[in-house]
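Below is one structure, written out as structure tokens; the observations come after it.
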Amino acid sequence: MKLIRNYLYNASYQILILLTPLITVPYVARVLGPSGVGIYSYTNSIITYFVLLGTIGITIYGNQQIAYHRDELYDRSKTFWEIEILQIINVFSVFFFFGIFLLIDHRYRLFMIFQSLQLLAGAFDISWFFMGIEDFKKTVFRNTLVKLGTLVLIFIFIKNKSDLGLYIFILAASQLFGNFTLWPYLKANIVKVKLTELKIWRHYLPALMLFIPQAANLVYQQVNKTMLGNLDSVSSVAYFDYADKLIKTVLAVVTATGVVMLPHMANLFVQNKIEKIKKYLYKSFQFVNLIAIPLAFGIASIAKTLAPLYFGSKFMVSGTLLIIEAPVVVIIGWSNVIGQQYMMPTKQVPSYTKSIVCGAIVNIILNIPLIELFGVIGAPVATLAAELTVTIYQLVCVRNQLILKSLFTDFWKYFSSGLVMFVVVYYLNSKMQMGIMSLLIQIGVGGLIYLSCLLLIQPILVVQAEKMIIGRIKGN
């Protein structure tokens, strides 16, 4: 039950991070227009590189290390301070290189300065600690309040295109403030450690090893926007960014299992419970199929009317991008289970790193000709190819360690149920008049069709869920 609670907490937290801008998207898209949104997305893609350099691989590494020492208060406290001080030192070092960048690149300088608050926020991000001790409730609660406050500020102060700078400042400053709000909770979870006992630099190389796959991962997440801004236009960046944001919001539900299971799997690995790790892994993979397949089919089926209705008529092309990119919800779901829930906690980081690097290379190689030939349409195609490369590479790496057939148990049942749902909803979407009520009806019908198909063909997870519900009812 604890794993389920943590999954729900983390899923809601990840959705919240992405949902805040998405709630404001219909408003901001109309106020700032494609050009303003494109400038924000372009400058945000640039600062993200510096944030990654500043935090290296600490988000995942810190989570993992705290999980290893979860039950030892002093060692946990010592590990926390070593990693956090390393993070602060590294972030402030990267500020020097950011200053050099501003001297070289004069475009959007003021907006970049506002964006740099995200880099400062990275120095004080300790969410990895609470994830490592498997306490997601505090993180969710505090950040919910901060994100809601951000929404209010945006609707109050952002009124026209000239408010672009203020919009960037509000988003970046809220991230910094949100990170500070977690610090008061540390008192109950760590003890004082003498500064002379800290060995800060012993964490640098291991964290750097995790930085490499994160950097490669970021490349094929952000390079599309950077290259679109340079090869096409900032408006194209906006079209792709909004479609990508919607996909990432859906993905947050799917990949939340990875953040929850990583510390749990790491703790099991320390105890040498390999078979138990595999048992959890097979179930996690099936769970991802259960939720990722209908989400991917669902978003593709309503994309053509969702994009212009949600983003505004100027963002019609985003609907096409959504359809092309929708399959990555399933593909990233698979790589998240194999990579973050198995390869990383079982210390197979080099193989995991190679998979991400291969994906980044494929993305960069394909982006240039595809964007040159097809414009903004080329970006999601390159993304799809990159994610597929990562997943196939990881499956090849673990083929002798895991039973691949067990990973894909009942896949055909989820896929066929999702396909039936897609056909019906896509037909309804093409025939019904565009509107919010129409979309809600289509989503409702799609959900009922998918659930009905699953109840009819009975995949293992559904059978287990039914038994658990019946057992609880009888118990009461």
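The values are calculated or read from the model by the stated rules, or taken from the named source; none is laboratory data. Note that the coordinates shown come from a computational prediction; the quantities given were computed from them, not determined experimentally. Positions of Cβ are generated from backbone atoms using ideal geometry, with glycine treated the same way; all protein chains shown enter the neighbour counts.
Laid out as a table, the results:
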{"read-out": "Which listed residue is part of a helix (DSSP H, G or I) and without any contact (Cβ under 8 Å) to a residue 24 or more places away in the chain, from Ile66, Ile85, Ile100, Ile89", "value": "Ile100"}
{"read-out": "Candidates Leu151, Leu145 - the one that is assigned by TED's automatic domain parsing to the domain that holds Ser45, over 26 Å from Ile56 (Cα atoms) and free of Cβ contacts under 8 Å to residues at least 40 places away in the same chain", "value": "Leu145"}
{"read-out": "Single residue of the range 414-443 satisfying the filter (closer than 30 Å to Phe285 by Cβ and of a type in the set (Ser, Thr, Tyr)) that is surrounded by the most Cβ atoms within 10 Å (Cβ to Cβ)", "value": "Tyr414"}
{"read-out": "All positions within the range 171-207 that are closer than 25 Å to Met343 by Cα and in contact with a Phe, Trp or Tyr (Cβ under 9 Å, 6 or more places away or on another chain)", "value": "His203, Pro206, Ala207"}
{"read-out": "Those residues of the range 252-300 which are at pLDDT below 80 and more than 16 Å from Thr346 (Cα to Cα), in sequence order", "value": "Ala252, Val253, Thr255, Ala256, Thr257"}
{"read-out": "Test set (1) surrounded by fewer than 21 Cβ atoms within 10 Å (Cβ to Cβ); (2) among the polar types (S, T, N, Q); (3) under 25 Å from Val398 (Cβ atoms) - Ser313 fails condition number", "value": "(3)"}
{"read-out": "Test for Leu148: is it crowded, with 20+ Cβ neighbours inside 10 Å, under 20 Å from the mean Cα position of the chain (by Cα) and not hydroxyl-bearing (Ser, Thr, Tyr)", "value": "no"}
{"read-out": "Verdict on Val329 being in contact with a helix residue (DSSP H, G or I) (Cβ under 6 Å, 6 or more places away or on another chain), assigned to a helix (DSSP H, G or I), outside the structural domain of Pro459 (by TED's automatic domain parsing) and within 24 Å of Ala29 (Cβ to Cβ)", "value": "yes"}
{"read-out": "Residue, surrounded by the fewest Cβ atoms within 10 Å (Cβ to Cβ), within the range 151-199, restricted to residues that are within 30 Å of Ser35 (Cα to Cα) and among the hydroxyl-bearing types (Ser, Thr, Tyr)", "value": "Ser162"}
{"read-out": "Evaluation of Asn367 against (1) over 14 Å from Thr391 (Cβ atoms); (2) surrounded by fewer than 23 Cβ atoms within 10 Å (Cβ to Cβ) (one fails), failing number", "value": "(2)"}
{"read-out": "Subset of the range 224-246 that is in contact with a helix residue (DSSP H, G or I) (Cβ under 6 Å, 6 or more places away or on another chain) and acidic (Asp, Glu) - its residue that is modelled with the lowest pLDDT", "value": "Asp232"}
